[in-house]
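The structure appears below as structure tokens.
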Amino acid sequence: MVPYVNLSAQHAPLKVELLDAVKHILEHGQFVLGTEVDQFENQFAQLCGTRFAVGTNSGTDALILALRALEIGDGHEVVTVPNSFVSTTSCIMLVGARPVFVDVQGDYNMDPAQLERAITSRTRAILLVHMTGRPASMNEIIHVAEQHGVPIIEDCAQAVLAEYDGQRVGGIGTIGCFSLHPLKTLNACGDGGVITTNRERLQERVRLLGNLGLKNRNDCVEWSGNSRLDTLQAAILLVKLRYIEDWTERRRANGAYYQKALRDVAGVQVPEDSPHERAVYHTFVIQADRRNELKDHLELRGIGTAIHYPTPIHLQSVAATLGYHRGSFPVAEQQADQILSLPVYPELTEVELEAVVMGIREFYHA
Ligand SMILES: Cc1ncc(COP(=O)(O)O)c(C=O)c1O
């Protein structure tokens, strides 16, 4: 049996540290903001090499706050990709702006060649995603962004510690948005998120907007909601931050194992890292002929897999009013039919990795 995810395997060795952290909070009773949130924000900023980090209650709220802090709303366009989790686009819709999709390339990331053509006088931001934990083509995208004077929002939900030309994501564009959802590589025991930036003004804006527009306890200067990172989650995340570098190395090693073991299998395409990137493989996504049959075949052998994501956002029923159709983004659509995420979590054993590889090789008679 190789489950697709195994959070118990992550938490078992951490139980004492995690319970100690929770016990400490129960004893001091500061459940909203406070020392643990401050410490988490400081350590996370250091991890990403940014001046600031601001905790949020989810990756989704991180994106909404980033868009709002950049004053993006009615009548504005935001260029983004159609193959992400639906949240990336929901946030654009929720602030009243219009998502303009561009197709992706073989690494599942925004195709810079298409980006240029999607920019109009109404474009107010490029919202790119570092999909699967592989950084987008930042040199080319920054070039276009600078030419048109638009900010870059990095959706780093899948990419903690990923690097492009030695620089960590979240600090390359104007503002970075991370999810700390339980299935992410740095994961809370519940929902969580964080925003990174080097710009003081943006940091102040997202902090204010994420805390009901309160300048202080009694002075509200702007209508806004509550997107604060929970203090219990911050305490849990502080424990996990001690391990994130090691977990990431193990994910990368698991990815390298699959690359080597599956590269020669006809019918399977494995991701190949470019010299620019340090991929962190939040998901290890292969493209497979007869993908659904392969998925069933592995399932029968007790091997869990997943599809991220089977329906591109422009083909979701909710997106019908945006005017896109099947054929609008051929690469994203073709990938949606062939992608399969293999188990890649750090706690996988060599025997389990071997079982996944054997299952795939068997299916293709390789
Ligand atoms: C690329 C991407 N963006 C945004 C999100 C939203 O994050 P959250 O679930 O923490 O709201 C996720 C994951 O859930 C994601 O994978």
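The values are calculated or read from the model by the stated rules, or taken from the named source; none is laboratory data. This is a predicted model, so every value here is computed, not measured. Glycine also receives a Cβ, built like all others from the backbone with ideal geometry; neighbour counts cover every protein chain displayed.
Just one of the numbered conditions (1) over 20 Å from V54 (Cα atoms); (2) in contact with a Leu (Cβ under 7 Å, 6 or more places away or on another chain) is not true of R168; which one?
With (1) over 20 Å from V54 (Cα atoms); (2) in contact with a Leu (Cβ under 7 Å, 6 or more places away or on another chain) applied to R168, the lone miss is (1).
Going residue by residue through the range 121-140, is there one that turns out to be part of a helix (DSSP H, G or I), closer than 20 Å to G193 by Cα and out of contact with any strand residue (DSSP E or B) (no Cβ under 8 Å at 6 or more places or on another chain)?
Within the range 121-140, one or more residues are part of a helix (DSSP H, G or I), closer than 20 Å to G193 by Cα and out of contact with any strand residue (DSSP E or B) (no Cβ under 8 Å at 6 or more places or on another chain).
Evaluate the following for E36: is it in contact with a strand residue (DSSP E or B) (Cβ under 8 Å, 6 or more places away or on another chain) and more than 16 Å from the ligand (Cβ to nearest atom)?
Against the criterion (in contact with a strand residue (DSSP E or B) (Cβ under 8 Å, 6 or more places away or on another chain) and more than 16 Å from the ligand (Cβ to nearest atom)), E36 does not qualify.
Hey, can you tell me all the residues within the range 141-171 that are assigned to a loop (DSSP other than H, G, I, E, B), within 21 Å of the chain's Cα centre (by Cα) and away from the ligand (no atom under 16 Å from the Cβ)?
Correct list: P151, D165, G166, G171.
Given the options L208, L186, L212, name the one that is under 21 Å from the mean Cα position of the chain (by Cα) and either over 15 Å from L63 (Cα atoms) or assigned by TED's automatic domain parsing to the domain that holds I153 (or both).
L186
Go through E347, E333 for me and flag whichever is in a loop (DSSP other than H, G, I, E, B) and among the acidic types (D, E).
Exactly one residue qualifies, and that residue is E347.
Among the listed residues E41, E17, E27, which satisfies the condition of being within 20 Å of T185 (Cα to Cα), of a type in the set (D, E) and either within 13 Å of the ligand (Cβ to nearest atom) or surrounded by fewer than 18 Cβ atoms within 10 Å (Cβ to Cβ) (or both)?
E17
In the range 294-329, what residues are among the basic types (K, R) and in contact (Cβ under 8 Å) with a residue 60 or more places away in the chain?
Those that are among the basic types (K, R) and in contact (Cβ under 8 Å) with a residue 60 or more places away in the chain: none in the range 294-329.
Restricting attention to the range 177-206, which residues are away from the ligand (no atom under 16 Å from the Cβ) and surrounded by 20 or more Cβ atoms within 10 Å (Cβ to Cβ)?
The answer is T197, L202, Q203, R205.
Given the conditions (1) more than 16 Å from the ligand (Cβ to nearest atom); (2) surrounded by fewer than 24 Cβ atoms within 10 Å (Cβ to Cβ); (3) closer than 17 Å to R207 by Cβ; (4) charged (D, E, K, R), report the number of the one that R68 does not fulfil.
Going through (1) more than 16 Å from the ligand (Cβ to nearest atom); (2) surrounded by fewer than 24 Cβ atoms within 10 Å (Cβ to Cβ); (3) closer than 17 Å to R207 by Cβ; (4) charged (D, E, K, R) one by one, R68 breaks only (1).
Tell me whether the range 324-332 contains one or more residues that are touching a Pro at 6+ places or on another chain (Cβ under 6 Å) and surrounded by 18 or more Cβ atoms within 10 Å (Cβ to Cβ).
The answer is yes, given that some residue of the range 324-332 is touching a Pro at 6+ places or on another chain (Cβ under 6 Å) and surrounded by 18 or more Cβ atoms within 10 Å (Cβ to Cβ).
From the set of residues in the range 278-291 that are surrounded by 17 or more Cβ atoms within 10 Å (Cβ to Cβ) and out of contact with any strand residue (DSSP E or B) (no Cβ under 6 Å at 6 or more places or on another chain), which is farthest from L353 (Cα to Cα)?
Applying the filter and picking the extreme gives A279.
In the range 74-100, how many residues are out of contact with any strand residue (DSSP E or B) (no Cβ under 6 Å at 6 or more places or on another chain) and either assigned by TED's automatic domain parsing to the domain that holds Q334 or more than 14 Å from the ligand (Cβ to nearest atom) (or both)?
Within the range 74-100, residues that are out of contact with any strand residue (DSSP E or B) (no Cβ under 6 Å at 6 or more places or on another chain) and either assigned by TED's automatic domain parsing to the domain that holds Q334 or more than 14 Å from the ligand (Cβ to nearest atom) (or both) number 4.
For the range 266-317, what are the residues that are within 16 Å of the ligand (Cβ to nearest atom) and hydrophobic (A, V, I, L, M, F, W, C)?
A279, V280, F284, V285, A306, I307, I313, listed by residue number.
Note down all Cβ pairs under 7 Å where the first residue falls in the range 63-84 and is within 27 Å of N211 (Cβ to Cβ), the second is assigned to a loop (DSSP other than H, G, I, E, B) and within 16 Å of the ligand (Cβ to nearest atom), and they're at least six residues apart or on different chains.
I64/V95; L65/G210; L65/S227; L67/V95; R68/V95; I72/V95; G73/V95
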